[in-house]
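For reference, the structure is listed below as structure tokens.
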Amino acid sequence: RKKYNLPESSFLIGSFQRDTEGSDLISPKLEKGPDLLADAIEKWWSTNKKIHVVLAGWRRQYIINRLNLAKIPYSYFERPAREIINDLYQTLDLYPVTARCEGGPQSLIECGLINVPVVSRNVGIAKQVLPQESISDDVTLAIPNVPNVEDWKLPNGYQKYRELILSL
């Protein structure tokens, strides 16, 4: 967190994919669910002001505008190198997947490799790799006591992920 000037005592929520459509840089890319992500973050923010959002990637203007309107603190890394993305994942306390449709999503694999807690809508491979407690179409309901993910973590939280990888 020090390396990237991220607040050490905050609860860091990450999002590293494009969320804005077209050249207007305003319209949300609805299949990625940036509106749902912003709604969830605003709900969590209403009960815990220690939240800080970590954004990476390009075309993040939709979520940035929503965070600015709600006065929620964030750090933005536009087009970071792969090594920086890896570092940023390792700073996170939670990675919500709010996509409406996904092939992967890749972030489930990336988070699984370094044991970053994830909440996800039921998209892509979520059911194959995540414990049922972390899957809900309303990600704000997926973990009780957010942002206290320590209560949510299971002893074998990524066991289904490991089983999938070993079966390949």
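How many of the residues in the range 65-74 are farther than 19 Å from Phe11 by Cβ and either buried (at least 19 other Cβ atoms within 10 Å of the Cβ) or in contact with a Lys or Arg (Cβ under 8 Å, 6 or more places away or on another chain) (or both)? Write out each step before concluding.
From the range 65-74, those farther than 19 Å from Phe11 by Cβ are 65, 68-69; that's our starting set.
Next, from what is left, pick out any that are either buried (at least 19 other Cβ atoms within 10 Å of the Cβ) or in contact with a Lys or Arg (Cβ under 8 Å, 6 or more places away or on another chain) (or both): none.
Summing the residues that are farther than 19 Å from Phe11 by Cβ and either buried (at least 19 other Cβ atoms within 10 Å of the Cβ) or in contact with a Lys or Arg (Cβ under 8 Å, 6 or more places away or on another chain) (or both) in the range 65-74 gives 0.
Scanning the range 75-106 for residues that are crowded, with 19+ Cβ neighbours inside 10 Å and farther than 22 Å from Lys3 by Cα gives Pro96, Val97, Thr98, Ala99, Glu102, Pro105.
When the residues of the range 7-55 are narrowed to those that are of a type in the set (S, T, N, Q) and open to solvent by 10 Å² or more (accessible area, probe 1.4 Å), which ends up modelled with the lowest pLDDT? Result: Ser23. In the set Leu94, Leu69, only one residue is within 15 Å of the chain's Cα centre (by Cα) and of a type in the set (A, V, I, L, M); that residue is Leu94. Of all residues in the range 123-133, those satisfying the criterion of being open to solvent by less than 40 Å² (accessible area, probe 1.4 Å) and assigned to a helix (DSSP H, G or I) are Ala126, Val129.
Based on what the data block shows, is Lys29 without any contact (Cβ under 8 Å) to a residue 60 or more places away in the chain, over 22 Å from Tyr89 (Cβ atoms) and not polar (S, T, N, Q)? No: the conditions fail for Lys29. Candidates Leu168, Leu113: the one that is modelled with pLDDT of 75 or more and either loosely packed, with under 14 Cβ neighbours inside 10 Å or of a type in the set (S, T, N, Q) (or both) is Leu113. Residues in the range 88-107 include at least one that is in contact with a helix residue (DSSP H, G or I) (Cβ under 8 Å, 6 or more places away or on another chain), at pLDDT 90 or above and over 18 Å from Ala40 (Cα atoms).
The values are calculated or read from the model by the stated rules, or taken from the named source; none is laboratory data. The structure displayed is predicted, hence computed values, not measured ones. Backbone-built Cβ (ideal geometry, glycine too); neighbour counts: all protein chains shown. SASA here: full protein model, heavy atoms, side chains in, ligands and nucleic acids out. Shrake-Rupley method; radii C 1.70, N 1.55, O 1.52, S 1.80 Å.
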